[in-house]
Structures are given as C-alpha cells and as structure tokens.
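The values are calculated or read from the model by the stated rules, or taken from the named source; none is laboratory data. This structure is a prediction, so every number in the text was calculated from the model and none was measured. In this analysis, Cβ positions are derived from the backbone assuming ideal geometry, glycine residues included, and neighbour counts consider all displayed protein chains. For accessibility, only protein heavy atoms count, side chains too; no ligands or nucleic acids. Shrake-Rupley method; radii C 1.70, N 1.55, O 1.52, S 1.80 Å.
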Amino acid sequence: MTDVTGVAAELTELGPWQRALRDQFPIVTGHPGLVYLDSAATAQKPLAVLDAVRHYLTTSNANAGRGSYPWANSTTALVETARERVKRFLGDPEPDRSAVHFTSGTTEGLRTVARDWLPGLLADGDEIVVPFHDHMANLSPWLEVQEVLARQGVRVGVRELPCQEASGDYDPAALARVIGPRTRFVAVTHVHHVYGADMNVHRVREVVGPDVPICLDAAQSVGHLPVSVAGLDVDFVVFSGHKALALPGTGAVWARGRRGPDFRPGGWRGTPNTAGIVSLVAALDWLEAAGTDRIERWTVALMSLLTDGLGRMADTYAVLGCRDSLAAGSGVQRRRSLVTFRHRGIDAHDLGFVLYDHGFMVRSDGHCQAGKREGDGSVRVSLHVHNTPEEVGALLTTLTSLQ
C-alpha cells in the first residue's frame with residue numbers, strides 16, 4: 001500500500017472476510033447506532049468466546065488442582081492445556097523449556113516478573129533500563145523493585161530507555177550510550193499505547209547484545225497482529241486477555257527460560273480464573289482461525305484512512321507521535337490500530353463527550369502514560385477487525401464539522 005487507492009484496494013479485497021467476522025460480535029451488531037473505537041482499552045468478544053465460557057460454566061465448572069472428581073480433573077487439565085495453547089499461539093520454538101503463568105492482565109504480569117524474578121538477577125551496583133514514556137504498567141513495577149531492594153541494602157540503578165522526542169520511537173543510538181557493563185535487564189513495549197507505533201524491539205536487542213534479558217509488554221500487539229517469539233529475541237512476553245478478545249481479569253506471562261534464573265512466581269497459588277482462561281483459549285482459537293495477519297492488514301488500512309484524514313486537518317488536530325506516518329502515501333511504517341490526537345480548541349474530555357453524542361465511543365484522558373500529568377489529555381481512537389471504512393468515514397466527517 002502506497003496511497004489511498006492502495007488502501008482502498010486492500011479494504012475491498014478483505015471486505016467479505018471482514019463482514020463475516022463483524023457479524024460474530026453481538027455487542028457490535030446489537031447497537032447499530034454506536035461505533036466502538038476503544039479496543040486498545042478492552043476488546044469486544046466474538047460469539048465463540050461467549051459460547052465457550054457459557055458451555056464451561058454450565059457443564060463442568062470446578063476448581064483446578066483441588067479435587068479428584070471429573071469436573072475438577074477436567075478443569076485442572078484445561079488450565080495445563082491452556083498453557084500449551086498460549087505457547088503455540090506465540091510460535092514458541094522451545095515449548096519444553098518455556099513457562100506460562102496466568103495473571104489478571106499485563107499490569108499484574110509485569111509486576112510478577114519484577115517482584116518474583118528480577119531480584120534474583122540483580123546485585124548491588126547493577127542497572128536496569130526501562131521506558132519512562134510508555135504505559136505506567138511498564139515503569140512502576142521496576143521502580144517498586146528498586147525501592148524494595150534498596151531497603152535490603154542492594155542499590156540498583158534505573159536508567160531511562162531513550163526515545164526520540166518527536167516520534168516517541170526508541171532511540172538506538174542514544175540507548176548505546178546508556179547500556180553499560182552493569183546492565184542486567186531491559187523492559188520494552190511492542191506497540192505503543194499512545195503513538196500506535198511498532199517500537200522495533202529488534203533494534204533494542206541489537207544494541208544491548210545477546211546476554212541481557214528483555215521483557216516485552218505486548219498488551220497492544222497480541223490479538224492485533226502476529227506475535228512470534230521465534231522472531232522476537234525476548235525473554236518475557238506479557239499480555240492482557242481482555243485486549244485479545246478474552247474476558248476481563250485474565251492475561252499471561254510467557255517466559256523463555258534461557259537467560260537468568262528460572263521463572264517461578266512466588267506466593268500461594270489460589271483459585272485461578274478458570275472462566276477467564278477458557279475465554280482466552282477460545283479467543284486465541286478464534287484469532288488464529290481469522291488470521292492475525294489479516295486482522296493487522298485490515299486495521300492498518302483503516303488506520304491509514306483515518307490518519308490521512310487527520311493529517312489534512314492539521315490546523316485543528318494535533319496528532320501525537322510521528323507526523324511523517326500520517327499520510328497514506330508515506331514511506332514511514334504505518335500505525336498499527338490506534339491514533340491519539342488533540343483538538344487545538346476543545347478540551348480532550350469535552351471532545352470525548354461530543355464524539356459520543358455523535359455515536360462514537362473513544363477514550364479521552366491521559367491513557368496511563370508515564371511521565372504525563374492529568375492535564376495532558378488527548379483522544380485515542382483504536383480499531384479492531386469489527387470496525388469498517390464507513391465508520392472511519394463517519395468519524396472523519398464529524399471531526400471535520402468540529403473544525
């Protein structure tokens with residue numbers, strides 16, 4: 001795709017496939033007057049996921065690992081099978097070596113890595129490198145472990161992962177000046193939750209070298225585009241189920257088990273979210289059948305239409321992140337499935353209310369971005385496979401009327 005014509009051709013080619021999938025989202029088809037544009041916050045659920053949860057809860061619901069009767073045994077087996085399903089979905093080339101731990105979402109997953117694994121890697125004087133301008137969930141856990149270790153007399157330096165001010169992309173050249181002989185760990189984001197960019201984590205690996213563990217926040221990539229750990233030389237992939245079409249309150253940590261100590265989450269393991277895990281397996285099955293590569297092509301094409309339109313209204317709307325990627329004919333990498341912007345005359349929260357009055361559900365706040373104040377609000381539009389060119393066109397028409 002090089003221009004609007006190419007984008008239109010992409011959407012035309014995928015149109016029949018997309019329409020069949022859209023019909024599988026009952027909350028979308030059941031509210032024809034509303035347009036859901038907040039999938040980066042939580043994704044809507046296809047009928048297959050809802051049916052799988054209902055079937056489980058009405059046929060074999062039980063606790064896992066705590067009974068000897070058939071329902072308990074099948075639930076225990078279900079959880080263990082789900083771990084292997086996550087590995088297959090992520091294209092794990094060494095499933096016998098890796099581990100999967102289920103969590104309530106990305107935030108708990110990152111905190112689990114920070115609390116239960118990272119301290120065993122660090123000694124007094126070591127350093128870690130983490131993003132200061134990504135989601136708070138990918139900053140606060142690392143600062144918390146620094147404080148915990150400091151109380152134990154272990155001083156750990158936390159260095160900022162450099163980013164380019166204009167685009168928000170990571171800055172490999174500046175990172176090379178940050179990495180040192182005491183660097184033991186790096187945290188990165190796969191797709192930025194505000195700028196919508198693929199953060200090119202392979203460039204981070206090239207700079208830090210082959211021996212430093214990398215933890216990947218994949219909250220905005222799993223379920224939106226193909227994620228293969230065979231091609232991502234990272235040690236942890238952490239994601240939220242609810243952003244990947246599963247129910248709220250479930251997520252996973254995939255641990256490669258190659259660099260550093262074994263990943264062994266601490267504490268007493270209580271009752272797992274079995275219904276959530278069932279929904280996650282069903283969601284991964286649905287995504288794989290639909291084709292995450294085609295989902296990415298569809299949402300990137302829709303986003304190209306939207307950003308191209310926003311770029312033509314630069315006097316009114318300031319788009320956050322790389323402006324060179326806005327035009328549909330730009331040679332810069334396309335934004336994945338979201339864009340964030342501000343109206344130059346209307347407060348972001350007020351704009352959110354105005355857009356809802358026109359039938360559009362968007363997020364309008366600070367988006368939990370680290371380093372930002374509450375007053376730094378903006379509007380985020382995030383898409384998924386159920387969204388259509390007509391919805392994007394209607395949104396652009398509304399935004400145009402507010403100039």
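Give just the number: which of (1) in contact with an Asp or Glu (Cβ under 9 Å, 6 or more places away or on another chain); (2) part of a loop (DSSP other than H, G, I, E, B) does Ala43 not satisfy?
Here Ala43 meets the rest and fails (1).
Taking interchain pairs and intrachain pairs at least six residues apart, which have beta carbon atoms under 6 angstrom, with the first residue in the stretch 145-169 and closer than 17 Å to His135 by Cβ and in a loop (DSSP other than H, G, I, E, B) and the second at pLDDT below 95 and open to solvent by 20 Å² or more (accessible area, probe 1.4 Å)?
Once the first residue is closer than 17 Å to His135 by Cβ and in a loop (DSSP other than H, G, I, E, B) and sits in the stretch 145-169, its partners that are at pLDDT below 95 and open to solvent by 20 Å² or more (accessible area, probe 1.4 Å) give Gly168/Tyr195.
Within the stretch 334-345, how many residues turn out to be more than 15 Å from Gly366 (Cβ to Cβ) and open to solvent by 50 Å² or more (accessible area, probe 1.4 Å)?
Here the count works out to 2.
Collect the residues in the stretch 109-144 that are open to solvent by 10 Å² or more (accessible area, probe 1.4 Å), part of a helix (DSSP H, G or I), in contact (Cβ under 8 Å) with a residue 24 or more places away in the chain and not small (Gly, Ala, Ser), keeping them in residue-number order.
The answer is Arg111, Arg115, Asp116, Pro119, Leu121, Met136, Glu144.
Here's a check for you: in the stretch 1-24, which residue that is of a type in the set (Asp, Glu) and assigned to a helix (DSSP H, G or I) is least open to solvent (accessible area, probe 1.4 Å)?
Glu10
Any residue in the stretch 185-206 that's farther than 23 Å from Asp376 by Cβ and charged (D, E, K, R): show its pairings with residues that are at pLDDT below 95 and surrounded by 23 or more Cβ atoms within 10 Å (Cβ to Cβ) at Cβ separation under 8 Å, as long as the two are six or more apart or on different chains.
These pairs meet every condition: Asp198/Arg336; Arg203/Tyr170.
Just one of the numbered conditions (1) farther than 23 Å from Arg203 by Cα; (2) without any contact (Cβ under 8 Å) to a residue 60 or more places away in the chain; (3) outside any helix (DSSP H, G or I) is not true of Asn73; which one?
Condition (3) is where Asn73 drops out.
Of all residues in the stretch 52-65, how many are free of Cβ contacts under 8 Å to residues at least 60 places away in the same chain and assigned to a helix (DSSP H, G or I)?
Adding up the residues that qualify gives 4.
So Ser68 fits all but one of (1) open to solvent by 50 Å² or more (accessible area, probe 1.4 Å); (2) of a type in the set (Gly, Ala, Ser); (3) assigned to a helix (DSSP H, G or I); what number is the exception?
So the condition that Ser68 fails would be (3).
Consider Gly266 carefully, then state whether it is part of a loop (DSSP other than H, G, I, E, B), open to solvent by 10 Å² or more (accessible area, probe 1.4 Å) and either of a type outside the set (Phe, Trp, Tyr) or closer than 22 Å to Val113 by Cβ (or both).
For Gly266, the condition - part of a loop (DSSP other than H, G, I, E, B), open to solvent by 10 Å² or more (accessible area, probe 1.4 Å) and either of a type outside the set (Phe, Trp, Tyr) or closer than 22 Å to Val113 by Cβ (or both) - is met.
Checking Ser279 against (1) open to solvent by 10 Å² or more (accessible area, probe 1.4 Å); (2) modelled with pLDDT of 95 or more, which test does it fail?
(1)
List pairs: first in the stretch 356-369 and open to solvent by 30 Å² or more (accessible area, probe 1.4 Å), second part of a strand (DSSP E or B), Cβ under 6 Å, 6+ apart or cross-chain?
Final answer for the pair search is Met361/Tyr36; Met361/Asp38; Arg363/Asp38; Arg363/Arg380; Cys368/His135.
For the stretch 370-401, how many residues meet the condition of being open to solvent by 40 Å² or more (accessible area, probe 1.4 Å) and hydrophobic (A, V, I, L, M, F, W, C)?
Within the stretch 370-401, residues that are open to solvent by 40 Å² or more (accessible area, probe 1.4 Å) and hydrophobic (A, V, I, L, M, F, W, C) number 1.
Would you point out the residue of the stretch 1-28, among those that are over 19 Å from Ala244 (Cα atoms) and β-branched (Val, Ile, Thr), that is nearest to the chain's Cα centre (by Cα)?
Val7
Name the residue that is nearest to Val319 (Cα to Cα), counting only residues in the stretch 145-165 that are within 22 Å of the chain's Cα centre (by Cα) and either among the hydrophobic types (A, V, I, L, M, F, W, C) or open to solvent by 40 Å² or more (accessible area, probe 1.4 Å) (or both).
Glu165
Looking only at the stretch 252-260, decide whether some residue is in a loop (DSSP other than H, G, I, E, B) and within 21 Å of Ala40 (Cα to Cα).
Checking the stretch 252-260: not a single residue is in a loop (DSSP other than H, G, I, E, B) and within 21 Å of Ala40 (Cα to Cα).
In this structure, does Leu78 turn out to be touching an Asp or Glu at 6+ places or on another chain (Cβ under 8 Å) and either assigned to a helix (DSSP H, G or I) or polar (S, T, N, Q) (or both)?
no
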